[in-house]
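Participant: Can you keep this structure in mind? I'll have questions shortly.
The values are calculated or read from the model by the stated rules, or taken from the named source; none is laboratory data. It should be emphasised that the depicted structure is a prediction, and the values quoted were computed from it without experimental measurement. Cβ atoms come from the backbone with ideal geometry, glycine included; neighbour counts cover every protein chain shown.
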Amino acid sequence: MQLRRRIESGFFKTLMILATLIIAGSLLMILYTIASKGMQSLTWDIISKVPEGGYYIGKGGGILNAIIGSLYISIGATVLGLAISIPIVLYVNIYAKRNSWLANITRLTFDVLFGIPSIVYGAFGFTIMVYFGLRASLLAGIITVTLLVIPILARAIDEVIRLAPTELSDATYALGATRWETSLIFLRQAIPGIITAILLSFGRAIGDAATVLFTAGYTDSIPTSLGQPTATLPLAIFFQLSSPIEEVQNRAYAAALILTFIVLIISLSAKYFSKKLSKHKI
Amino acid sequence: MSYKIRLLKDRLSANVFLVLSLFSILTVVLIGYGLYYKSSPILQQDTLWHLLSSTEWKPFKNEFGFFSYIVGSLAVTGIAIIIALPLSLLCAIYIAEYAPYRIRQILVPLIDLLSGIPPVVYGVWGVLTIVPYIGDHIAPHFVDYSSGYCVLAGGIVLAVMVFPLIVSILLEVFDTVPKELKEASLSLGATEWETTRKVVLKKSIPGIIAATVLGISRAIGETLAVLMVCGNLPMIPHSLFDSVYPLPALIANNYGDMMSIPMYESALMLSALILFVIIFIFNAISRLILYRIENRS
């Protein structure tokens, strides 16, 4: 009996370690595949040039248009998202009563919106776009991606502000501060969390393709105004990969490497900031 | 006098913030309504049941049957969960109950990193490794011919994509199991595994269900990665090595040319609406379960 129990225990522990190795291994395998394939065709031209004539049949140029376009959309969406989500989080945590009906519903809403797939945002963004008579453009892309990142920003910031000690607001109110002034104090406390939230949102925005597929369009030049269509990195990868010409496909791998590199840098710095800055919290 | 300005600021911000909060709740309704409004033409032409159960997809003859797309989505998602759930469960138990602190410190960020990788990169990875491996090495043992772009490839890529989501939720759920219960079990002479199975897992069943449902809804809505590895042929799959055409891929692939046929747009919007409704319900239920667990602890 004793032996059987020990064997069972050991057997499951082995299974667990195996499962963990598979999961961790799949990440390393993805990184390895993308890095090794991408490095073969990554050149300075790809990063620094826009597509030249005949680019899509294998002639010269690069994907600078997509890199810049993705940065525009991600930065625009994150800034717009912050402007909307910070007030909401403040309202839920400071203005509304603790555990009030509105606060709970708002949290549930963001948790649910967080799970809505980007293709649904894309389709919805497209309907709004048509409704207001917008063309596929940088502006329409930014608005749609903003919808996608608001739940990410709101949940991440809410998590930090909710964890701030209640004594803090007791103290500010006792000193005669208004709710608005208390909010500013809480925001200061939440700066590390906000930076992490910004990076999370930026990482999600730059990697998402299904939202911008119908709303941002695609073009070979760098957009100079909000009304122009905009290329994005994920779509650059997707379109080039579906080309039958091998050289163009290889550039898709290089583009995938660039995107992965950007996203990893963002994830790692989010980790770094949240660890480093949280040392100074009350 | 300055207190009046301070109070004014306070009241003004309260109102603006309240309106923004209400508006954010309204977004859910707006998305649902917008998609419904756009899909109403096709709902007037056919009954919902006919649309969902018919396999006829002939946009030029105004026939839109979603059945094979829905089956495609379910097949890919089912396989993904069958692969991902046991592995994620074992991995999460290992991290939460067994792993030494230092290994935990490495594993958790690694899994977070996995969740940050964009879908299109998973797709590229699938095309480069999973698809050729299935086409060259696995499929020939079972069927005469498979390109490798199939249900199984989609399932595997999706499974890898939902690992981090399920594992991170499970870790939070296991964290809420009281330490005293585990200690009581261990002090009665139960082995580590018996404690895990009879105390931790038993206590976490609602959380495990919630994590699974969230995993399913993530997988069912995933677009680009499945679009790249599933082959996109609208048919009912008879084996793991047949191509399928999941709903999100249908929307993404056809958006450009749908404008020429009015009913086509409506049909695509209906597929977005179906996805939205399913995922909305799944998410709401599992979040409510998770709230209850959180409050209990």
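Participant: Has the stretch A:154-164 got any residue that is within 30 Å of B:Y37 (Cβ to Cβ) and hydrophobic (A, V, I, L, M, F, W, C)? Can you show your working first?
Facilitator: The first filter runs over the stretch A:154-164 and keeps only residues within 30 Å of B:Y37 (Cβ to Cβ), leaving A:154-155.
Pick out the ones that are also hydrophobic (A, V, I, L, M, F, W, C) and you get A:154.
Yes - at least one qualifying residue is present in the stretch A:154-164.
Participant: Could you look through the stretch B:192-209, keep only residues that are among the β-branched types (V, I, T) and crowded, with 18+ Cβ neighbours inside 10 Å, and pick out the one that is nearest to B:P164 (Cα to Cα)?
Facilitator: Just the residues of the stretch B:192-209 that are among the β-branched types (V, I, T), to begin with: B:195-196, B:199-200, B:205, B:208-209.
Within this subset, residues satisfying the condition of being crowded, with 18+ Cβ neighbours inside 10 Å are B:195-196, B:199-200, B:208.
On the way: B:T195: 25, B:T196: 21, B:V199: 24, B:V200: 20, B:I208: 14 Å.
Per the criteria, the residue is B:I208.
Participant: Please verify whether B:V76 is surrounded by 15 or more Cβ atoms within 10 Å (Cβ to Cβ) and hydrophobic (A, V, I, L, M, F, W, C), treating the condition exactly as stated.
Facilitator: Yes: the conditions hold for B:V76.
Participant: Filter the stretch B:215-239 down to the residues that are touching a Phe, Trp or Tyr at 6+ places or on another chain (Cβ under 7 Å) and within 10 Å of chain A (Cβ to nearest Cβ), then identify the one that is farthest from B:A80 (Cα to Cα).
Facilitator: Per the criteria, the residue is B:L224.
Participant: Sticking with this structure for a sec: Test B:V131 against the criterion of being under 19 Å from A:D208 (Cα atoms), assigned to a helix (DSSP H, G or I) and among the hydrophobic types (A, V, I, L, M, F, W, C), and give yes or no.
Facilitator: Working: under 19 Å from A:D208 (Cα atoms): no; assigned to a helix (DSSP H, G or I): yes; among the hydrophobic types (A, V, I, L, M, F, W, C): yes.
Here the answer is no, as B:V131 does not meet what is asked.
Participant: Suppose the filter is within 26 Å of B:V226 (Cα to Cα), within 9 Å of chain B (Cβ to nearest Cβ) and either out of contact with any helix residue (DSSP H, G or I) (no Cβ under 6 Å at 6 or more places or on another chain) or outside any helix (DSSP H, G or I) (or both); does A:L264 pass it?
Facilitator: Numbers: within 26 Å of B:V226 (Cα to Cα): yes; within 9 Å of chain B (Cβ to nearest Cβ): yes; either out of contact with any helix residue (DSSP H, G or I) (no Cβ under 6 Å at 6 or more places or on another chain) or outside any helix (DSSP H, G or I) (or both): yes.
Criteria met by A:L264.
Participant: Condition first: more than 11 Å from every other protein chain (Cβ to nearest Cβ), part of a loop (DSSP other than H, G, I, E, B) and surrounded by fewer than 19 Cβ atoms within 10 Å (Cβ to Cβ). Can you find one or more residues in the stretch A:198-218 that meet it?
Facilitator: No: the stretch A:198-218 contains no residue that is more than 11 Å from every other protein chain (Cβ to nearest Cβ), part of a loop (DSSP other than H, G, I, E, B) and surrounded by fewer than 19 Cβ atoms within 10 Å (Cβ to Cβ).
Participant: Taking the stretch A:230-242, which residues are within 13 Å of another protein chain (Cβ to nearest Cβ) and not in a helix (DSSP H, G or I)?
Facilitator: From the stretch A:230-242, those within 13 Å of another protein chain (Cβ to nearest Cβ) are A:232-242; that's our starting set.
Within the stretch A:230-242, A:T232, A:S242 meet the criteria.
Participant: Please work out which one of (1) away from every other protein chain (no Cβ under 11 Å); (2) buried (at least 18 other Cβ atoms within 10 Å of the Cβ); (3) touching a Leu at 6+ places or on another chain (Cβ under 9 Å) is the condition B:V131 fails and give its number.
Facilitator: Among (1) away from every other protein chain (no Cβ under 11 Å); (2) buried (at least 18 other Cβ atoms within 10 Å of the Cβ); (3) touching a Leu at 6+ places or on another chain (Cβ under 9 Å), the lone unmet condition for B:V131 is (3).
Participant: Another question, then. Quick test of your reading of the structure: B:T212 fulfils all but one of (1) surrounded by fewer than 24 Cβ atoms within 10 Å (Cβ to Cβ); (2) within 24 Å of the chain's Cα centre (by Cα); (3) within 14 Å of another protein chain (Cβ to nearest Cβ); (4) more than 30 Å from B:E294 (Cβ to Cβ). Name the failing condition by number.
Facilitator: For B:T212, the failing item is (4).
Each row is one residue, and each column tells you yes or no for (1) closer than 18 Å to A:S26 by Cβ; (2) surrounded by 21 or more Cβ atoms within 10 Å (Cβ to Cβ).
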| residue | (1), (2) |
| --- | --- |
| B:G72 | no, yes |
| B:L152 | yes, yes |
| B:E172 | no, no |
| B:D175 | no, no |
| B:K182 | no, no |
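Participant: Go through the stretch B:66-97 and report how many residues are in a helix (DSSP H, G or I), within 25 Å of B:N254 (Cα to Cα) and more than 15 Å from the chain's Cα centre (by Cα).
Facilitator: 4
Participant: Can we say B:V157 is within 13 Å of chain A (Cβ to nearest Cβ) and at pLDDT 90 or above?
Facilitator: Judged against the criteria, B:V157 is a match.
Participant: All but one of (1) buried (at least 16 other Cβ atoms within 10 Å of the Cβ); (2) under 19 Å from the mean Cα position of the chain (by Cα); (3) small (G, A, S); (4) more than 9 Å from every other protein chain (Cβ to nearest Cβ) hold for A:S41; state the number of the condition that does not hold.
Facilitator: Answer for A:S41: the failing condition is (2).
Participant: Also, quick follow-up: Going by the structure shown, is A:T78 of a type in the set (S, T, Y) and facing chain B (nearest Cβ under 7 Å)? Lay out the reasoning, then the answer.
Facilitator: On the way: of a type in the set (S, T, Y): yes; facing chain B (nearest Cβ under 7 Å): no.
In short, no.
Participant: While we're here: Within the stretch B:37-85, can you find the residues that are out of contact with any helix residue (DSSP H, G or I) (no Cβ under 6 Å at 6 or more places or on another chain) and among the aromatic types (F, W, Y)?
Facilitator: B:Y37, B:W49, B:W57, B:F60
Participant: Moving to a separate point now. In the stretch B:41-65, what residues are in a helix (DSSP H, G or I) and under 22 Å from B:V151 (Cβ atoms)? So that I can check it myself, show each step before the final result.
Facilitator: So the first thing to find is which residues in the stretch B:41-65 are in a helix (DSSP H, G or I), and the list is B:41-45, B:48-53, B:59-61.
Hits for the stretch B:41-65 are B:L52, B:S53.
Participant: Is it true that some residue in the stretch A:45-63 is within 14 Å of another protein chain (Cβ to nearest Cβ) and buried (at least 19 other Cβ atoms within 10 Å of the Cβ)?
Facilitator: To start, the set of residues in the stretch A:45-63 that are within 14 Å of another protein chain (Cβ to nearest Cβ) comprises A:63.
Going one step further and asking which of them are buried (at least 19 other Cβ atoms within 10 Å of the Cβ), we end up with A:63.
Looking through the stretch A:45-63, at least one residue is within 14 Å of another protein chain (Cβ to nearest Cβ) and buried (at least 19 other Cβ atoms within 10 Å of the Cβ).
Participant: Which residue out of A:L213, A:L199, A:L148, A:L184 is free of Cβ contacts under 8 Å to residues at least 40 places away in the same chain and aliphatic (A, V, I, L, M)? Quick ask: steps written out before the conclusion?
Facilitator: Values: A:L213 fails: free of Cβ contacts under 8 Å to residues at least 40 places away in the same chain; A:L199 fails: free of Cβ contacts under 8 Å to residues at least 40 places away in the same chain; A:L148 fails: free of Cβ contacts under 8 Å to residues at least 40 places away in the same chain.
Step by step, each of A:L213, A:L199, A:L148, A:L184 is checked, and only A:L184 is free of Cβ contacts under 8 Å to residues at least 40 places away in the same chain and aliphatic (A, V, I, L, M).
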